[in-house]
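Encoded as structure tokens, the structure appears first; notes follow it.
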Amino acid sequence: MGVSGPERDELLADAVRMRERGEAEAARERLVALAERCADDAEVAYQAAWAHDVLGLEAEAVPYYERALRGAGLSAEDRRGALLGLGSTYRILGRYDEAVALLRAAVVDFPRDGALRTFLAMALYNTGGHREAMRLLLTLLAETSADPGVERYRRAIEFYAGDLDATV
């Protein structure tokens with residue numbers, strides 16, 4: 001028994017408002033019920049995943065994230081959020097190789113997103129990819145920091161991001 005159109009939109013909006021008010025468990029319950037009724041709805045699945053994550057229920061969030069990313073209809077921002085959420089969740093669950101693979105693909109789709117690059121660096125660290133993790137983080141730092149010291153040494157930081165073993 002599916003639900004669509006204005007009824008679906010109102011049920012979804014109500015559940016999101018509940019989560020935003022701090023009623024995380026009630027929102028999760030509503031979103032799970034809605035996801036059962038809207039099995040092919042990527043946006044509902046994404047919101048259900050997020051509701052699980054907010055409560056620290058990472059393992060339970062995974063199938064909802066995966067469903068959201070398999071489906072169609074997510075906005076670019078929600079797709080980016082689902083990729084970040086699933087990649088981070090894989091990492092938290094110790095599924096490091098899956099986290100790296102997913103986050104690498106996400107960075108290709110959203111190359112300027114600093115959060116995706118940061119979470120990829122963390123997952124690379126977990127898989128022993130320390131050199132690449134440092135390169136990503138140093139590059140991100142050089143590109144985004146407004147710290148006067150970082151700005152002053154930006155060229156050196158960018159240089160060493162490419163080769164931390166370089167000497168004079």
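Whether any residue in the range 119-138 is surrounded by 19 or more Cβ atoms within 10 Å (Cβ to Cβ), within 24 Å of A45 (Cα to Cα) and out of contact with any Lys or Arg (no Cβ under 6 Å at 6 or more places or on another chain) is what I want to check.
yes
Hey, could you check the range 18-36 for residues that are in contact with a helix residue (DSSP H, G or I) (Cβ under 8 Å, 6 or more places away or on another chain) and surrounded by fewer than 20 Cβ atoms within 10 Å (Cβ to Cβ) and say which is farthest from A61 (Cα to Cα)? I'd like the intermediate steps shown before the answer.
Taking the range 18-36 first, the residues in contact with a helix residue (DSSP H, G or I) (Cβ under 8 Å, 6 or more places away or on another chain) are 18-19, 24, 26-28, 30-32, 34-35.
When the remaining residues are screened for being surrounded by fewer than 20 Cβ atoms within 10 Å (Cβ to Cβ), the result is 18, 24, 26, 32.
Numbers: M18: 18, A24: 14, A26: 16, V32: 10 Å.
Per the criteria, the residue is M18.
Hey, G128 hits all of (1) on the phi > 0 side of the Ramachandran plot; (2) in contact (Cβ under 8 Å) with a residue 24 or more places away in the chain but one; which does it fall short on?
Among (1) on the phi > 0 side of the Ramachandran plot; (2) in contact (Cβ under 8 Å) with a residue 24 or more places away in the chain, the lone unmet condition for G128 is (2).
In this structure, is D78 surrounded by fewer than 14 Cβ atoms within 10 Å (Cβ to Cβ) and at pLDDT 95 or above?
So D78 does not fit the description; no.
Among the numbered criteria (1) surrounded by 23 or more Cβ atoms within 10 Å (Cβ to Cβ); (2) in contact with a Leu (Cβ under 8 Å, 6 or more places away or on another chain); (3) hydrophobic (A, V, I, L, M, F, W, C), which single criterion is violated by A45?
It fails just one condition, (2).
Output the number of the condition that A39 fails; it satisfies all remaining conditions of (1) over 22 Å from V100 (Cβ atoms); (2) outside any loop (DSSP other than H, G, I, E, B); (3) modelled with pLDDT under 95.
Here A39 clears every test but (2).
State which residue is nearest to M134 (Cα to Cα) when the search covers only the range 146-166 and only residues that are among the aliphatic types (A, V, I, L, M) and loosely packed, with under 13 Cβ neighbours inside 10 Å.
Restricting to residues being among the aliphatic types (A, V, I, L, M) and loosely packed, with under 13 Cβ neighbours inside 10 Å, the top hit is L164.
The values are calculated or read from the model by the stated rules, or taken from the named source; none is laboratory data. Bear in mind that the values here come from a model prediction, so they are computed numbers and not experimental data. FYI the Cβ positions are ideal-geometry reconstructions off the backbone, even for glycines, and counts take in every protein chain you see.
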